[in-house]
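The values are calculated or read from the model by the stated rules, or taken from the named source; none is laboratory data. No experiment lies behind these values; they were computed from the predicted model shown. Backbone-built Cβ (ideal geometry, glycine too); neighbour counts: all protein chains shown.
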Amino acid sequence: MNQKQLVGIEAASYVSDGMIVGLGTGSTAFFMIEELGRRVREEHLHITGVTTSLQSKVQAQKLNIPLKSIDDVPYVDLTIDGADEISADHHGIKGGGAALLYEKIVATYSKEVIWIADESKLVEKLGKFPLPIEVIPYGSKQLLHFFAQKKMAPTLRQRQDGEILLTDSGHYIIDLHLGQIDDPKAFGHWLSQLTGVVEHGIFSDFVTKTIIAKGHHIITTDV
Ligand code: 5RP
């Protein structure tokens with residue numbers, strides 16, 4: 001069993017009957033969703049899933065996990081999601097899979113948020129991983145120019161075929177190559193007030209538990 005599978009299956013064990021569960025996005029969350037699908041099928045677990053991307057929605061539908069929109073539930077009991085970087089003080093970068101907007105919306109209305117990752121995602125400070133910013137297409141070239149002037153080395157994310165990548169809500173992603181983010185909260189606030197920015201990939205004050213694979217072991221930490 002690989003590390004992503006290990007933490008995905010472990011995290012799914014925190015889900016109990018009747019819960020409304022936020023289903024994250026990415027190659028680690030994939031294994032958590034598969035395990036929940038298995039539990040729904042084999043253990044008759046009753047849950048309602050709230051997906052954070054089209055990708056997770058398609059997977060959950062195939063597994064017959066009952067789904068609702070975030071707007072059709074009063075709250076989410078527990079969201080389980082991956083991360084691109086997790087700092088020593090539990091800030092995170094998310095959005096490597098371009099799902100940061102829905103991921104942040106679902107996390108915002110969740111009572112508990114578990115991040116699952118392999119040890120490669122742990123960093124002292126955020127910023128080595130390019131920071132995804134979801135932006136409105138109109139004016140995005142101006143934003144690219146603005147970030148370039150600030151020496152943030154922005155790139156407009158493309159699909160493998162070279163076309164501009166569109167998020168599930170039809171926006172673009174600009175990745176900022178920053179190297180290090182000293183004050184993630186303050187930087188996130190600065191990004192949020194820029195015209196044309198829909199959301200940024202810094203997640204502060206969301207996570208309540210991390211489940212990290214180190215070698216063959218699982219380290220669970222309450223935040
Ligand atoms: C998607 C995300 C993912 O959670 C993040 O990119 C981690 O993905 P993976 O588990 O594939 O490494 O934020 O937008």
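Among Val73, Val50, Val58, which is the only one that is in contact with a helix residue (DSSP H, G or I) (Cβ under 7 Å, 6 or more places away or on another chain) and either of a type outside the set (Asp, Glu) or near the ligand (Cβ under 8 Å from one of its atoms) (or both)? Full working, then the answer.
Working: Val73 fails: in contact with a helix residue (DSSP H, G or I) (Cβ under 7 Å, 6 or more places away or on another chain); Val58 fails: in contact with a helix residue (DSSP H, G or I) (Cβ under 7 Å, 6 or more places away or on another chain).
Testing whether each residue is in contact with a helix residue (DSSP H, G or I) (Cβ under 7 Å, 6 or more places away or on another chain) and either of a type outside the set (Asp, Glu) or near the ligand (Cβ under 8 Å from one of its atoms) (or both) leaves just Val50.
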Note to self: So, Ile33, is that one buried (at least 23 other Cβ atoms within 10 Å of the Cβ), among the aliphatic types (A, V, I, L, M) and within 12 Å of the ligand (Cβ to nearest atom) or not?
What the structure shows: yes
Residue hits (the range 182-211; in contact (Cβ under 8 Å) with a residue 60 or more places away in the chain and more than 15 Å from the chain's Cα centre (by Cα)) are Pro184, Lys185, Gly196, Val197, Val198
Exercise. Return yes when Ser16 is away from the ligand (no atom under 16 Å from the Cβ), modelled with pLDDT of 95 or more and within 16 Å of Tyr102 (Cβ to Cβ) and no when it is not.
Key: no
### Query
Is there a residue in the range 142-155 that is crowded, with 16+ Cβ neighbours inside 10 Å, of a type in the set (Ser, Thr, Tyr) and either modelled with pLDDT under 95 or more than 14 Å from the ligand (Cβ to nearest atom) (or both)?
no
Selection from the range 89-136 of residues among the small types (Gly, Ala, Ser) and more than 8 Å from the ligand (Cβ to nearest atom) yields Gly92, Ala107, Ser110, Ser120, Gly127
Expected single match for more than 30 Å from Met1 (Cα to Cα) and modelled with pLDDT of 95 or more among Asp205, Asp182 is Asp182
When the range 105-128 is checked residue by residue, the ones that are surrounded by fewer than 20 Cβ atoms within 10 Å (Cβ to Cβ) and either assigned to a loop (DSSP other than H, G, I, E, B) or of a type outside the set (Asp, Glu) (or both) are Ile105, Thr108, Tyr109, Lys111, Ser120, Leu122, Val123, Glu124, Lys125, Lys128
Note on the range 172-182: residues of a type outside the set (Asp, Glu) and out of contact with any helix residue (DSSP H, G or I) (no Cβ under 7 Å at 6 or more places or on another chain) are Ile173, His177, Leu178, Gly179, Gln180
